[in-house]
Amino acid sequence: MPVEFRKDLFADERDDNLAEIGKPHIRQDILGHVTGRTPFYDDHLFDGLLHMRCLRSPHHHARIRSVDASAAEIAPGVVRVIRPSDVPVNMNTLLSLLNFGRDDEPLLSPDKVAYKGEPVLAVLATSERAARDAVAQVRVDWEVLPHVLDVEEALRPEAPVVNETYPGNAFDYHEKYDHQKLRFGDVTAALVQADHVVEGEYQMSPIEQAPMETCGAIAAPETNDRFVCYTSTQALFFSLGTAAKQTGLASSRLHFIGGTVGGGFGGKVDSHHEPLAILGALLSGRPVKYQWDRAEEMQVGAPRGGERWRLKDGVMNDGRIIARELTGFFDAGAYTRLSSYAVQKSTGHLPGPYTIPNVASNVYCVYTNRTPSTAMRGFGITGVDFAIECHMDKVAEAVGMDPIELRILNAYRDGDMKAHRRVAKNCALIESCQVAAQKSGWSLSSDALAASSMRDGGIGWRGQIPETMIDEDGRIGDRKRIWATPEPTAASGPHRAVAAGTANEHPATGAAPQRDDMIIEAERLGFKVSEDAPGSEAQSVPEPRSAATPHEPARRHVNGGPSLPPAARPTTHSAPAVPVAARPAQPAPTSIADDAKPSDPPPTVAPADQPIEPGSRPPRRPGASRFISGSRGRR
Amino acid sequence: MAKTPVTFTLNGADAATFADPGQNLLDCLRRGVGDLSPKYGCGQGTCGTCTVLIDGQPHLSCLVLAETVQDRSVETAGGMANGPDLHALQTAFMEGFAAQCGYCTSGMLMAAKALLDQNPSPTRGEVIDAISGNLCRCTGYEPIVDAILSASRAPRATERSA
């Protein structure tokens, strides 16, 4: 089907005098593809090639008591058994090359496995079949451990520790935060003012990239004291750097050849094959191929991480979304790989392509005993877009509005301030919706047809950063898990960490609590604090409630500062955000009342001149903090 | 273990190698004979990247024992071109952007050639049926089906311009 160019759209923003775009071209590499001559990594033949196979964990989570490879070592065709102790630098995390995150994953696991399929030992043999047969003769004494496969179960205090580098089962951001936090305006106040509150939960599955070519690498000693490595990698220099780090060889001794990838889709960035193949060549002096078979590709190959999202929107009767609150749990599997970065991407993407004046999110990178996840086509974005767009349909249904018109009404327009404090530009969602409706014969109102991304953006509140609560250091987030004792191992198991999102309640932190909307996971607060702070006052367990219910978590001030009676708490809310104040106050809608216990007073928004409660801090003005300064992105 | 000598015709030329017991034709072609055009994708007969023609019929070479092709004729994608002259299917795949990473292409071409050799004017449904055993993860199947149809009509220029 020929591509259709809609040159009527944005005609004045574009130079149509283009030499190449719109004209068909033949791929420069396709002659090799159609003649079968494109050299993929496996299309390099070596005399004396050895084949590497790994012994893999049959358990989701287990301690390795002992490994007996004596039978494998003398099996026919076996040249060498490679153990964890043979790996010069056995711990790594992919993004350590960018100084992001701590080394948390062994190349071959010495004492514990945290996912089914985790490699424990590698066998080099003269044929693939001999390597397989030898692996089958290795005996491992496993001590099976309890495992956790659900992101929220993994964050409970009783959950097994998946990854000892991150004993709270969540990635540490900047060594301080167990999640990524976004605050823009005042979601709590806006939800009270909304005509409708629409909640939803959305769950993505892990998805295997399933390239036609399975992941692999061939390494061989060269004649100049270097090692050549043919690899399927999508990230040649990540693989080169990782291999240099883990083998202890200078990168100048590694000769990497890639460039032809038999399908990748993100699944060929993890750089596990290259260091193992090079190590095999180093230890055996022979060419070594380490290639996943199809079963390994599907079972061990890192998929797109599953994501769970909870959304709570405050919507006016006319369809304007005035608040959006999100809680995200990104399933990293057993090790970090690229999931920490995916969470940052997803947070930067919130609240989707819509101009919403009040946004709050907490997103967690969670460790579970699943296969580690990694890159896959828009990872970190696709999952949250799935959630957001499903939710937009739900919102449209709730307010009785056409779903495309709802999107047009709320879409980013040029000049609007986004929740991550950059100005939207080159917006095209409105035009995309209009064309999609036209193509599908869907009729739109005249208002929706007349809307344009290039008009009405950035006016008034749309171009402003609203007042946003920050803490005394000018940060929007609460700090996490400052340990009670300087020795984290002394008398404090991994689950004595301060609960996620509750750091300031912990007796050890000393910081005054922040306002309630800093905590979205109200239900987690109760049981975590009660375990974490024995002897403190923070023993009360609130009623279980939706995790996306930040406005009334039961909490105590456990260290300094007086406890506020519940009825007084809502008065600590900041002045209403600009767009909310411009509208008449609405009575609390029924969907909010569903959440509130009868004994709770309905939350109200205090006027701007309300005295600030002791122990809280006044809202800061936009730009007052280096953290939320919007000057770089503002016009 | 004893190796078995195997002689057969590969893309019209004599070929001879020694097969290990249990060795499949894919491994024999790639490592024994040196024809790297059929690819390993699954090794269990599900993906089609290793498709070759044996006596004109498409076969999954990962499921064929090497010694069974003794005295038979094997065709691979590596033998489709006649010197510098590409087969009509190859030209159609190039012009129609019917390959992206290229890993499935050898198998697709073989499945398509088996079809066109027997049925020069297939319907779209027959093309889809012919490549139903070949997986592609990049291109999407539409450009591949279009390219095969285009190659099938190539000798009839009038119909192509319609």
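For region A:322-399, what mean projected area does the convex hull of the alpha carbons give, in nm²? Spell out each step's value before the answer.
On the way: hull surface 21.5 nm².
Mean orientational projected area (region A:322-399, Cα hull): 5.4 nm².
Could you calculate the FRET efficiency of B:Leu65 with B:Glu95 from 1/(1 + (r/R0)^6), where r is the beta carbon distance between them and R0 is 45 Å, rounded to 0.05? Mind dumping the intermediate values first?
Details: r = 38 Å, r/R0 = 0.84.
So the FRET efficiency works out to roughly 0.75.
Show the residues, 5+ positions off or on another chain, whose built amide H is closer than 5 Å to the amide H of A:Ile257.
A:Cys229, A:Tyr230, A:Thr231
So what does the Cα-only Debye profile of region B:1-123 read at q = 0.11, 0.15, 0.18 Å⁻¹, as log10 I(q)/I(0), no solvent term?
So the normalised log intensities are -0.36, -0.66, -0.92.
How many Cβ atoms of partner chains, on average, are near each residue of B:133-144 if near means within 10 Å of its Cβ?
Numbers: counts 0, 1, 3, 2, 9, 7, 0, 0, 0, 1, 1, 0.
Mean number of neighbouring Cβ atoms from other chains: 2.
Assign one of three labels to region A:360-476, namely rounded, prolate or oblate, based on the Cα gyration tensor with a ≥ b ≥ c the square roots of its eigenvalues; rounded applies when a/c is under 1.5, prolate when it is not and a/b is larger than b/c, and oblate otherwise.
Values: a/c = 2.13, a/b = 1.29, b/c = 1.66.
Because a/c hits 1.5 or more and a/b fails to exceed b/c, region A:360-476 counts as oblate.
Using the C-alpha atoms of region A:290-362, what convex hull volume per residue, in cubic angstrom, is computed?
Working: hull volume 8.7 nm³, N = 73.
Taking only Cα atoms, region A:290-362 has a hull volume of 119 Å³ per residue.
Need one number for region A:1-147: average projected area of the convex hull over its C-alpha atoms, nm².
Numbers: hull surface 67.9 nm².
The directionally averaged projection comes out at 17.0 nm².
Provide the per-residue ³J(HN,Hα) series for region A:317-326, in order, calculated from phi with Karplus coefficients 6.51, -1.76, 1.60 and θ = phi - 60°, each as a whole number of Hz, with x at glycine and proline positions.
Values per residue, Gly and Pro as x: 4, 7, x, 5, 8, 9, 8, 9, 10, 10 Hz.
Run lengths n ≥ 4 of DSSP H only: what is the helix-derived mean residue ellipticity at 222 nm for chain B, with -39500 (n - 2.57) per run over all residues, to the nearest 500? Mind dumping the intermediate values first?
On the way: 5 runs with 47 residues, N = 162.
Calculated from helices alone, the mean residue ellipticity at 222 nm is -8500 deg cm²/dmol.
Apply the Karplus curve 6.51 cos²θ - 1.76 cosθ + 1.60, θ = phi - 60°, to the phi angles in region B:129-135 and return the couplings in whole Hz, x for Gly and Pro.
Working through the residues one at a time gives 5, 5, 9, 5, x, 10, 8 Hz.
Report the label-to-label distance for A:Ser446 and A:Thr126 in nanometres (one decimal), using points 7 Å from each Cα along the Cα→Cβ vector.
8.6 nm
Any chance you could check the Cα centroid distance between region A:380-431 and region A:285-349 for me, in angstrom?
A separation of 20 Å, based on Cα centres.
How large is ³J(HN,Hα) for each residue in region A:439-444, as worked out from phi by the Karplus curve 6.51 cos²θ - 1.76 cosθ + 1.60 (θ = phi - 60°), to whole Hz, x for Gly and Pro?
Calculated HN-Hα couplings, in order: 5, 9, x, 9, 7, 10 Hz.
For region A:171-228 and region B:1-46, compute the distance between their C-alpha centroids and round to whole Å.
43 Å
Please arrange B:Leu109, A:Leu124, A:Leu97 by counting, for each residue, the other beta carbons lying within 10 Å of its beta carbon, fewest first.
On the way: B:Leu109 32, A:Leu124 27, A:Leu97 17.
Ascending number of Cβ neighbours within 10 Å: A:Leu97, A:Leu124, B:Leu109.
Provide the packing ranking of A:13-22, A:66-75, A:198-207, i.e. peptides ordered by the mean count of other C-beta atoms within 10 Å per residue, highest first.
Working: A:13-22: 7.8, A:66-75: 15.4, A:198-207: 17.0.
Put in order of decreasing packing, that is A:198-207, A:66-75, A:13-22.
Filter A:Lys176/A:Lys268; A:Lys245/A:Lys268; A:Lys268/A:Lys312; A:Lys181/A:Lys312; A:Lys268/A:Lys418; A:Lys23/A:Lys418 down to the pairs with a C-alpha to C-alpha distance above 24 Å, please. Present the calculation step by step, with values, prior to reporting the outcome.
Details: A:Lys176/A:Lys268 31 Å; A:Lys245/A:Lys268 18 Å; A:Lys268/A:Lys312 36 Å; A:Lys181/A:Lys312 16 Å; A:Lys268/A:Lys418 33 Å; A:Lys23/A:Lys418 36 Å.
Pairs exceeding the cut-off: A:Lys176/A:Lys268; A:Lys268/A:Lys312; A:Lys268/A:Lys418; A:Lys23/A:Lys418.
Just grab the label-to-label distance for A:Glu222 and A:Asp68, each label 7 Å out from Cα along the Cβ direction, in nm (one decimal).
4.4 nm
Can you work out the FRET efficiency for the pair A:Gln28 and A:Glu4, with r the C-beta to C-beta distance and R0 = 25 Å, to the nearest 0.05? Present the calculation step by step, with values, prior to reporting the outcome.
On the way: r = 26 Å, r/R0 = 1.02.
The value I calculate is 0.45.
FYI, it's all coordinate maths here, none of it is from the lab. Please read these numbers as outputs of a predicted model, since none were measured by experiment. Glycine also receives a Cβ, built like all others from the backbone with ideal geometry; neighbour counts cover every protein chain displayed.
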